[in-house]
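Enquirer: Okay, here's the structure, questions in a sec.
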Amino acid sequence: MALDTVRTFELKERFGDPETLAHGREVIRLEAAALGQLAEVIDESFARAVSLILRIPGRIVVSGMGKSGHIGRKIAATLASTGTPAIFVHPAEASHGDLGMLIGGDALLVLSNSGGTPELRSILGHAKALNIPVIAIAAQAGSHVMQQADVRLLLPPAREACPVNIAPTTSTAMMLALGDALAMALMRVRGFSRDGIQALHPGGTIGQRLLPVSTVMHAGDRMPLVGPSAQMRDVIVTMTSLSFGVAGVIDDRGRLIGIITDGDLRRHIDELMASTAGDVMTRGPVTISADRMAEDALALMNANRITSLFVVSPSDSRIPVGLVHVHDFLRMDQSCP
């Protein structure tokens with residue numbers, strides 16, 4: 001880019017450049033339109049690909065060159081993390097010994113927009129020699145890759161979002177979406193549950209959010225609980241000392257009958273010091289069972305626009321056994337790479 005062009009762009013950037021914004025939006029619209037086309041053209045070949053993968057005893061070996069290869073790596077990772085064993089093999093490395101990663105019982109998934117990627121010939125030939133089924137994703141129906149495939153997933157014709165229609169953009173977006181569609185369809189048919197995902201994601205934010213909420217909650221003395229006859233002066237001390245901004249109100253049998261929040265304090269400000277917890281509390285608080293997932297607790301808090309949630313016993317929904325706060329989830333995110 002010429003220096004004067006860069007300076008002109010920097011000047012526009014300071015005051016906002018409508019052309020740049022419009023172009024960015026147009027790229028996204030082009031790719032979104034291509035994904036819409038892809039959804040319309042998916043046919044029985046997609047179902048055959050899913051059926052083929054379900055029948056094989058081995059793994060899905062994914063291969064692709066360049067940008068298609070980058071997408072292939074992501075597809076292999078998504079398949080593996082959702083219950084379908086998969087690995088990525090670089091086609092150039094395959095010609096230097098990595099063909100041994102593809103063995104009988106596997107299936108080969110190759111990605112090539114043009115369908116003529118020369119680096120794929122070795123791995124395709126090896127698959128044919130071992131009688132390994134091949135699934136191809138490409139945009140050219142008569143290409144070499146498609147001719148070698150047992151199942152052909154044809155991408156619809158769509159212009160790349162690149163201004164000169166060269167850089168893989170729209171085509172790779174469609175490949176990625178098609179790979180996700182395969183992984184999710186396989187996950188559904190296999191009945192792969194959140195327990196399975198949690199087992200494969202013991203670390204990171206996903207793994208932590210799929211933990212039972214009982215592993216995240218504050219329990220025992222960390223629960224801010226008061227009786228209905230407690231004076232509000234004492235209730236405020238409880239709310240402040242435990243730093244959750246709430247207090248649960250329990251009856252003489254330990255059952256949760258209400259909750260007091262900062263909002264309740266404001267609504268009763270005029271008579272607050274002369275009131276009891278039973279006078280101020282909101283009855284029927286939102287709760288979650290201790291055997292639910294942490295991500296369910298976060299979703300429930302978001303849906304109800306609350307920052308704290310009492311956790312109740314799975315065997316008795318009236319007995320509080322813990323409390324979770326939205327900050328617990330923020331700490332989760334910050335602790336995970």
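Enquirer: Here is a check on your reading of the model: is ALA86 over 29 Å from GLY125 (Cα atoms) and surrounded by 13 or more Cβ atoms within 10 Å (Cβ to Cβ)?
Expert: Working: over 29 Å from GLY125 (Cα atoms): no; surrounded by 13 or more Cβ atoms within 10 Å (Cβ to Cβ): yes.
Here the answer is no, as ALA86 does not meet what is asked.
Enquirer: Within region 41-60, which residues are part of a helix (DSSP H, G or I), of a type outside the set (Gly, Ala, Ser) and without any contact (Cβ under 8 Å) to a residue 40 or more places away in the chain? Steps first, answer last, please.
Expert: Initial filter on region 41-60 (part of a helix (DSSP H, G or I)): 41, 44-55.
Narrowing the set further to residues that are of a type outside the set (Gly, Ala, Ser) leaves 41, 44, 46, 48, 50, 52-55.
Matches in region 41-60: GLU44, ARG55.
Enquirer: So which residues in region 297-315 are surrounded by fewer than 17 Cβ atoms within 10 Å (Cβ to Cβ) and in contact (Cβ under 8 Å) with a residue 60 or more places away in the chain, if there are any at all?
Expert: Of everything in region 297-315, just one residue is surrounded by fewer than 17 Cβ atoms within 10 Å (Cβ to Cβ) and in contact (Cβ under 8 Å) with a residue 60 or more places away in the chain, namely THR307.
Enquirer: Only one residue in ALA22, ALA47 is in the same structural domain as VAL145 (by TED's automatic domain parsing), exposed (fewer than 14 other Cβ atoms within 10 Å of the Cβ) and at pLDDT 95 or above, so which one is that? I'd like the intermediate steps shown before the answer.
Expert: Working: ALA22 fails: at pLDDT 95 or above.
ALA47 is the lone residue from the list that is in the same structural domain as VAL145 (by TED's automatic domain parsing), exposed (fewer than 14 other Cβ atoms within 10 Å of the Cβ) and at pLDDT 95 or above.
Enquirer: Looking only at region 173-223, how many residues end up being closer than 29 Å to ILE71 by Cβ, modelled with pLDDT of 60 or more and in a helix (DSSP H, G or I)?
Expert: 18
Enquirer: Let me ask something else. Determine, yes or no, whether GLY284 is loosely packed, with under 14 Cβ neighbours inside 10 Å, among the small types (Gly, Ala, Ser) and touching a residue at least 12 places away in the same chain (Cβ under 8 Å). Give the derivation first.
Expert: Numbers: loosely packed, with under 14 Cβ neighbours inside 10 Å: yes; among the small types (Gly, Ala, Ser): yes; touching a residue at least 12 places away in the same chain (Cβ under 8 Å): yes.
The answer is yes for GLY284.
Here is a yes/no grid of residues against (1) hydrophobic (A, V, I, L, M, F, W, C); (2) assigned by TED's automatic domain parsing to the domain that holds ILE236; (3) in contact with a Leu (Cβ under 9 Å, 6 or more places away or on another chain):
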{"residue": "LEU265", "(1), (2), (3)": "yes, yes, yes"}
{"residue": "ARG283", "(1), (2), (3)": "no, yes, no"}
{"residue": "SER289", "(1), (2), (3)": "no, yes, no"}
{"residue": "ARG292", "(1), (2), (3)": "no, yes, yes"}
{"residue": "ASN302", "(1), (2), (3)": "no, yes, no"}
{"residue": "ILE306", "(1), (2), (3)": "yes, yes, yes"}
{"residue": "ASP316", "(1), (2), (3)": "no, yes, no"}
{"residue": "VAL321", "(1), (2), (3)": "yes, yes, no"}
{"residue": "VAL324", "(1), (2), (3)": "yes, yes, yes"}
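Enquirer: So for region 299-316 (the condition being among the aliphatic types (A, V, I, L, M), touching a strand residue (DSSP E or B) at 6+ places or on another chain (Cβ under 7 Å) and farther than 30 Å from ARG233 by Cβ), does at least one residue qualify? Even if it seems obvious, please write down each step before you answer.
Expert: At the first step, the residues of region 299-316 found to be among the aliphatic types (A, V, I, L, M) are 299-301, 303, 306, 309, 311-312.
Subsequent filtering for residues that are touching a strand residue (DSSP E or B) at 6+ places or on another chain (Cβ under 7 Å) retains 300-301, 309, 311-312.
Add one more test, that the residue is farther than 30 Å from ARG233 by Cβ, and what stays is 300.
Within region 299-316, one or more residues are among the aliphatic types (A, V, I, L, M), touching a strand residue (DSSP E or B) at 6+ places or on another chain (Cβ under 7 Å) and farther than 30 Å from ARG233 by Cβ.
Enquirer: Take the conditions over 30 Å from ARG283 (Cβ atoms), within 18 Å of the chain's Cα centre (by Cα) and modelled with pLDDT of 95 or more and apply them to ALA149. Does it pass?
Expert: Values: over 30 Å from ARG283 (Cβ atoms): yes; within 18 Å of the chain's Cα centre (by Cα): no; modelled with pLDDT of 95 or more: yes.
No: the conditions fail for ALA149.
Enquirer: Could you list, in sequence order, all residues of region 81-98 that are part of a helix (DSSP H, G or I) and more than 9 Å from ALA183 (Cβ to Cβ)?
Expert: Step one: list which residues in region 81-98 are part of a helix (DSSP H, G or I), which gives 81, 91-94, 98.
Hits for region 81-98 are PRO91, ALA92, GLU93, ALA94, ASP98.
Enquirer: Also, quick follow-up: Give the residue, chosen from ASN113, ASN131, that is crowded, with 16+ Cβ neighbours inside 10 Å, part of a loop (DSSP other than H, G, I, E, B) and in the same structural domain as VAL27 (by TED's automatic domain parsing). Talk me through it step by step, then tell me what you get.
Expert: On the way: ASN131 fails: crowded, with 16+ Cβ neighbours inside 10 Å.
Answer to the check: ASN113.
Enquirer: A further question on this structure: Of all residues in region 279-315, which are at pLDDT below 90 and among the acidic types (Asp, Glu)?
Expert: The answer is ASP291, GLU295, ASP296.
Enquirer: With SER143, SER122 as the choices, which residue is more than 26 Å from the chain's Cα centre (by Cα), buried (at least 19 other Cβ atoms within 10 Å of the Cβ), polar (S, T, N, Q) and assigned by TED's automatic domain parsing to the domain that holds ALA22?
Expert: Values: SER122 fails: buried (at least 19 other Cβ atoms within 10 Å of the Cβ).
Sole residue among the options that is more than 26 Å from the chain's Cα centre (by Cα), buried (at least 19 other Cβ atoms within 10 Å of the Cβ), polar (S, T, N, Q) and assigned by TED's automatic domain parsing to the domain that holds ALA22: SER143.
The values are calculated or read from the model by the stated rules, or taken from the named source; none is laboratory data. Source: prediction; values computed, not measured. Methodologically, a virtual Cβ is constructed for each residue, glycine included, from the backbone with ideal geometry; neighbour enumeration extends over all protein chains shown.
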